[in-house]
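Student: Let me give you the structure first, and then I'll get to my questions.
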Amino acid sequence: KLSADDIYVTSGCLQAIEVALAAINRPGANILLPRPGFTFYESRAAYEHLQVRHFDLLPDRGWEVDVDAIEALADDNTVAIVIINPGNPCGSVYSYDHLKMVAETARKLGILVIADEVYGHLTFGSTPFVPMGIFGSIVPVLSLGSISKRWVVPGWRLGWLVTSDPNGILQKSGIVESITGFLNISTDPATFIQGAIPQILENTKDDFFSKVIVTLKEAADKCFDGIREVPCLTCPKKPEGSMFVMVKLNVSLLEDISDDLDFCMRLAKEESVIIVPAGKIRKIQVSLTKLPQNYTGMAFGMKNWLRITFACEISALEDGLRRIKAFHQRHVRKQ
């Protein structure tokens, strides 16, 4: 059970991430991040001088966490592991047993869990959404979320950070004090949105949520079936949650495409379809200190993979899939 003291309101889930990483940081600390994962964690960790170590998600096992890799990566300076469920960019949804295994592994390593649940309850497969906070008695959990996804109000910028820690470990270690201190010197969500929250939470009818789920499921099925008609693309698992799916690109089937970035750039130019490459992004000129002038960043850390969103009108999704198929046919390698 939660109390008001366990919940901190933030300016969207992005600020919740900022608060969480700032609160757990200390000199020499490192954090375990999923690959592929949401890129803002890496950017914010770099800002906090928090070292990043990546563990792989396993596509042939429904993008589950490679638990053995976590134990190999962690050391005495590891402070937390980030779990994104439902998954962005994978569209995965973790089972109760898998999340419990992650919690028990984190306890064994003496680290806490940051559970990014911004897509919480947006699930439409056979695996129900399980909040990580129910394992708070096993390991301290910082759960992050917002109203933007489930209530479909992107841009309203109201999120939260919730501490699930019946054993009081976060309080004793000073992390709760750090969270409070950070929020005391940062901006709050707009007051008129805060005023709307009781109405949003108490009076949104169940049929609103069910309609959103039905719409997402229809789009996910359409996206998965359309991808299977493009020979150079492989989707290891039909998405069961969030609004995205990860797709493997086989460039050997294409005549003049070098990698995922080249594929996405050419697809945008020739067919006006925008998808995100998961490997390296093109070198860009930047003026930030401590970064080279030709900084090459990573999108999701997986070369020759793509992230496709299906959160759009079915007609637009079908049109986009037709264009991707036409692009493949135009660039297919000649025998």
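Student: Restricted to region 299-332, and to residues that are in contact with a strand residue (DSSP E or B) (Cβ under 6 Å, 6 or more places away or on another chain) and in a loop (DSSP other than H, G, I, E, B), which residue is nearest to Arg228 (Cα to Cα)?
Tutor: By that ranking, first place goes to Asn304.
Yes/no matrix, rows are residues, columns are (1) closer than 22 Å to Tyr96 by Cα; (2) over 18 Å from the mean Cα position of the chain (by Cα):
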{"position": "Phe124", "(1), (2)": "yes, no"}
{"position": "Phe135", "(1), (2)": "yes, yes"}
{"position": "Pro140", "(1), (2)": "yes, yes"}
{"position": "Ile147", "(1), (2)": "no, no"}
{"position": "Val152", "(1), (2)": "no, no"}
{"position": "Gly155", "(1), (2)": "no, no"}
{"position": "Gly159", "(1), (2)": "no, no"}
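Student: Which of the residues spanning region 312-326 are β-branched (Val, Ile, Thr) and farther than 19 Å from Ile213 by Cα? It would help to see each step written out before you state the result.
Tutor: Going through region 312-326, the residues β-branched (Val, Ile, Thr) turn out to be 314, 324.
Answer for region 312-326, where residues must be β-branched (Val, Ile, Thr) and farther than 19 Å from Ile213 by Cα: just Ile324.
Student: Kindly establish whether Gly37 is in the same structural domain as Val153 (by the TED database), surrounded by fewer than 16 Cβ atoms within 10 Å (Cβ to Cβ), in a loop (DSSP other than H, G, I, E, B) and in contact (Cβ under 8 Å) with a residue 40 or more places away in the chain.
Tutor: When the stated conditions are applied, Gly37 does not pass them.
Student: Kindly indicate whether Ser146 is in contact with a Lys or Arg (Cβ under 9 Å, 6 or more places away or on another chain) and small (Gly, Ala, Ser).
Tutor: Yes; evaluated as a whole, the condition is true for this residue.
Student: Something else about it: Counting just the residues of region 263-289 that are charged (D, E, K, R) and modelled with pLDDT under 65, which one comes out surrounded by the most Cβ atoms within 10 Å (Cβ to Cβ)?
Tutor: That would be Lys280.
Student: Mind listing whichever residues of region 22-34 are part of a helix (DSSP H, G or I) and crowded, with 22+ Cβ neighbours inside 10 Å?
Tutor: Hits for region 22-34 are Ala23, Ile24.
Student: Another question, then. Restricting the search to region 117-158, which residues are open to solvent by less than 10 Å² (accessible area, probe 1.4 Å) and free of Cβ contacts under 8 Å to residues at least 60 places away in the same chain?
Tutor: Gly120, Met132, Phe135, Gly136, Val139, Val141, Ile147
Student: So if I check each of Val93, Val118, Val82, which one is in contact with a Pro (Cβ under 7 Å, 6 or more places away or on another chain), within 15 Å of Phe38 (Cβ to Cβ) and β-branched (Val, Ile, Thr)?
Tutor: Val82
Student: Quick one: in region 205-242, which of the residues that are among the acidic types (Asp, Glu) and outside any loop (DSSP other than H, G, I, E, B) is most open to solvent (accessible area, probe 1.4 Å)?
Tutor: Only one residue fits best here, namely Asp206.
Student: Within region 171-211, can you find the residues that are closer than 15 Å to Gln15 by Cα and hydroxyl-bearing (Ser, Thr, Tyr)?
Tutor: Ser178, Thr180, Ser186, Thr187
Student: Right, another one. I'd like to verify a number: residues in region 161-175 that are surrounded by fewer than 20 Cβ atoms within 10 Å (Cβ to Cβ) and touching a residue at least 24 places away in the same chain (Cβ under 8 Å), how many?
Tutor: 3
Student: Scan region 86-93 and give yes if some residue there is surrounded by fewer than 24 Cβ atoms within 10 Å (Cβ to Cβ) and out of contact with any Leu (no Cβ under 7 Å at 6 or more places or on another chain), otherwise no.
Tutor: Within region 86-93, none of the residues are surrounded by fewer than 24 Cβ atoms within 10 Å (Cβ to Cβ) and out of contact with any Leu (no Cβ under 7 Å at 6 or more places or on another chain).
Student: Tell me the residue from Ile70, Ile114 that is crowded, with 19+ Cβ neighbours inside 10 Å, in a helix (DSSP H, G or I) and not assigned by the TED database to the domain that holds Val276, please.
Tutor: Of the residues listed, the single one that is crowded, with 19+ Cβ neighbours inside 10 Å, in a helix (DSSP H, G or I) and not assigned by the TED database to the domain that holds Val276 is Ile70.
The values are calculated or read from the model by the stated rules, or taken from the named source; none is laboratory data. Small disclaimer: the values here were computed from a predicted structure and weren't measured. Positions of Cβ are backbone-derived with ideal geometry, glycine not excepted, and every protein chain shown enters the neighbour counts. Only protein heavy atoms, including side chains, enter the accessible area calculation; ligands, DNA and RNA are left aside. Shrake-Rupley method; radii C 1.70, N 1.55, O 1.52, S 1.80 Å.
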